[in-house]
Amino acid sequence: MRCAGYLMKGLLLVGLLAHQALAINVIEVDSDNFKPLTDGSKNVLLKFYTPGCHMCDVIDPEFEYAASKYDESDDMLFGRVNGYRERDIVEELGVAGYPVFKWWKKGATEAEPFYYVHYSGRHGHTLMRMVNDRLGRDHHEEL
């Protein structure tokens, strides 16, 4: 029985570490790092959310999944902004509902709308298709 307890704790730890590994590509955006992230040096996709928002919770793991498919060579950053905590950012950008996405194209310092339109399949694949379209790239074969 004792071995089963250790096994369960080990599996829980592995699961938590795997989740953190996925989420590492998503930056928690606040008033301290917002301007440097959106300075035009990279393409940036920000997701605005509020805790307890059902659709925000549904999309969050898919947003992390999509972010995990890009790396430094892609000049692409993914971040999320807590709409309750970061009121200054929300007001500056006119965010009125959640979830909302905003896009900063490399070389630009003003946000563009990023209208998330999902019809079927995995939300993460929809996000990847939309990002790849903006980057002018072919879609990955899994899409």
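Would you say Arg80 is open to solvent by 50 Å² or more (accessible area, probe 1.4 Å) and of a type in the set (Lys, Arg)?
Taking the combined requirement at face value, the residue does not satisfy it.
In the range 116-142, which residue that is open to solvent by 80 Å² or more (accessible area, probe 1.4 Å) and free of Cβ contacts under 8 Å to residues at least 12 places away in the same chain is nearest to Leu93 (Cα to Cα)?
Once the filter is applied, the top-ranked residue is Asp133.
On the basis of being more than 18 Å from Asp39 (Cα to Cα), outside any helix (DSSP H, G or I) and either open to solvent by 10 Å² or more (accessible area, probe 1.4 Å) or free of Cβ contacts under 8 Å to residues at least 40 places away in the same chain (or both), does Tyr70 make the cut?
Yes, satisfied.
Does any residue in the range 33-59 that is in contact (Cβ under 8 Å) with a residue 60 or more places away in the chain and over 14 Å from Phe101 (Cα atoms) come within less than 6 Å, Cβ to Cβ, of a residue that is in a loop (DSSP other than H, G, I, E, B) and open to solvent by 10 Å² or more (accessible area, probe 1.4 Å) six or more places away or on a different chain, and which pairs are these?
Correct list of pairs: Gly40/Gly107; Gly40/Ala108; Gly40/Thr109; Lys42/Asp75; Lys42/Lys106.
Taking Tyr98 as meeting all but one of (1) assigned to a helix (DSSP H, G or I); (2) surrounded by 14 or more Cβ atoms within 10 Å (Cβ to Cβ), write down the number of the exception.
Among (1) assigned to a helix (DSSP H, G or I); (2) surrounded by 14 or more Cβ atoms within 10 Å (Cβ to Cβ), the lone unmet condition for Tyr98 is (1).
Which residue pairs have Cβ atoms closer than 7 Å, lie 6 or more positions apart in sequence or on different chains, and pair a first residue in the range 95-107 that is on the phi > 0 side of the Ramachandran plot with a second residue that is part of a loop (DSSP other than H, G, I, E, B) and of a type outside the set (Val, Ile, Thr)?
Filtered contacts from the range 95-107: Gly107/Gly40.
Looking at (1) part of a loop (DSSP other than H, G, I, E, B); (2) farther than 19 Å from Lys42 by Cα, which is the one condition that is false for Glu110?
(2)
Is there a residue in the range 28-51 that is open to solvent by less than 60 Å² (accessible area, probe 1.4 Å), touching a helix residue (DSSP H, G or I) at 6+ places or on another chain (Cβ under 6 Å) and modelled with pLDDT under 95?
Scanning the range 28-51 turns up no residue that is open to solvent by less than 60 Å² (accessible area, probe 1.4 Å), touching a helix residue (DSSP H, G or I) at 6+ places or on another chain (Cβ under 6 Å) and modelled with pLDDT under 95.
I'm trying to understand the selection: among the residues of the range 52-67, which are of a type in the set (Phe, Trp, Tyr) and open to solvent by less than 20 Å² (accessible area, probe 1.4 Å)?
Just the residues of the range 52-67 that are of a type in the set (Phe, Trp, Tyr), to begin with: 63, 65.
Selection gives Phe63 alone.
The values are calculated or read from the model by the stated rules, or taken from the named source; none is laboratory data. Since the model is a prediction, treat every value here as computed from it, not as a measurement. A quick note on method: Cβ atoms are made from the backbone with ideal geometry, for glycine too, and the neighbour counts reach across all protein chains shown. With ligands, DNA and RNA removed, areas are computed over all heavy atoms of the protein, side chains included. Shrake-Rupley method; radii C 1.70, N 1.55, O 1.52, S 1.80 Å.
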